Amino acid sequence: MLSRPRRNRRSPAMRNAIRETQLSSANLVLPSFVQEGTGQRHPIDSMPGCARLSIDLLVEQAKEARELGIAGIAIFPALSDELKDAVGTESKNPEGLFQRAIRALKSAVPELLVISDVALDPYSSDGHDGVLVDGLVDNEQTVPLLVDMALAQAAAGADVIAPSDMMDGRIGAIREALDDAGYFDVAICSYCAKYCSAFYGPFRDALDSAPRGGDKKTYQMDPANAREALREMRLDEEEGADWLMVKPGLPYADVIRDLRDSSELPIATYHVSGEFAMLKAAAERGWLDYDAALLESLVCLRRAGADIIFTYGALDAAKILRH
Ligand code: PBG
């Protein structure tokens, strides 16, 4: 045989020398849930190892993330029902939980990127990402609310504004408003190809943010579609996005590759709550090696073309990679 591919796999040095894809903690973003109080840690049953944290503990976690070389923290607020209404009024409160969390993170751990979520669902009494009109999420009424939310987050010091709502035209509207207000350096990570996925279940448990009625099919994408992701990509590029995200991660690796091959922008992906919960659940039963399956999942997302990976396993992965 002239060609023996196994020659290139003979030793760790050989394998390390020819490895095509690198995974580093600098590629990782840790999604975190914040709640009111001090010293509060509320574990999330369907996401073992993850918890809703009060701001003081969130800051401690952020320090750990920084020590481990993680790029950033993506935060989501858990609000009590009294603060929720049909138009998510609390989302633009400068003294609201979310804005206080951003300020606390930026003052305690300024080197870590703070990536703030823009969507109505944590604030909405309907559990949708926008305003309901006759039972449907209304694009025109929702976009100005998202703009206000983004401005409040930028004022609090967010580095990256991350609209996860899938309204049409919101990237352009947010970019224009940020620039008008002088926030030229605040970046936008567009959840560009966000699919209507069953893998978000544990996240909705964490925030108690499941839709009170209906589903999200009129705004999130159909899992059967890939070409449509390129259309979303082009629009978000034209509207001024800095990063493009594909979400969920592994089941949509082909879409990550499509975007990587078609765009010059950094591509992010979100290894979502359901993907993480599956690994944890199987590991708890002794059916999978969590550490190995986590690293493999993340390397595969990098191989598919993701520059940045949002994962609940960021701290775990960074600790494994350090050794
Ligand atoms: C909603 C939002 C969701 C997630 C992030 N932002 C859920 C949804 O669309 O219902 C899910 C993330 C995860 O599952 O980890 N704006």
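The values are calculated or read from the model by the stated rules, or taken from the named source; none is laboratory data. Since this is a predicted model, take the numbers as computed values, not measurements. With ideal geometry, Cβ positions are generated from the backbone for all residues, glycine too; neighbour counts draw on all protein chains shown. All accessible areas refer to the heavy atoms of the entire protein, side chains included, with ligands and DNA or RNA removed. Shrake-Rupley method; radii C 1.70, N 1.55, O 1.52, S 1.80 Å.
Assorted remarks:
- For segment 94-200: span of alpha carbons on each principal axis (Å, largest first): 43, 30, 27
- Approximate spin-label separation R231-A17, in nm, with each point projected 7 Å along Cα-to-Cβ: 5.0
- 0 to 90° range, to nearest 10: angle between helix 170-180 axis and the chain longest Cα axis: 70
- Taking trypsin sites (Lys or Arg not before Pro) across segment 190-296, the ones in a DSSP loop with at most 15 further Cβ atoms lying within 10 angstrom of their Cβ are R212, K217, R285.
- Rel. contact order, % - alpha carbon contacts under 8 angstrom, at least six apart, the chain: 18
- FRET E, pair H323, D179, Förster distance 51 Å, beta-carbon r, rounded to 0.05: 0.70
- Rounded tilt (10° steps) of 253-262 against the dominant C-alpha axis of the chain: 80
- Start at zero, step by 20 Å, and the Cα-Cα distances of the chain spread as 32, 59, 8, 1 percent across the bins.
- For segment 216-323, the set of GluC sites (Glu not before Pro) satisfying both a DSSP loop assignment and a count of at most 14 other C-beta atoms within 10 Å is given as E264.
- Helical contribution to [θ] at 222 nm, DSSP H n ≥ 4, -39,500 (n - 2.57), averaged over the chain, rounded to 500: -12000 deg cm²/dmol
- Between helix 55-67 and the chain: long-axis angle, C-alpha atoms, 0 to 90°, nearest 10: 30
- Cα-based Lys pair tally, the chain, threshold under 19 Å, eight or more apart or on separate chains: 11
- Shape call, segment 162-259: gyration tensor on alpha carbons, a/c limit 1.5: oblate
- Solvent exposure of the chain amounts to 45 Å² per residue of accessible area, where only protein heavy atoms count and the probe is 1.4 Å.
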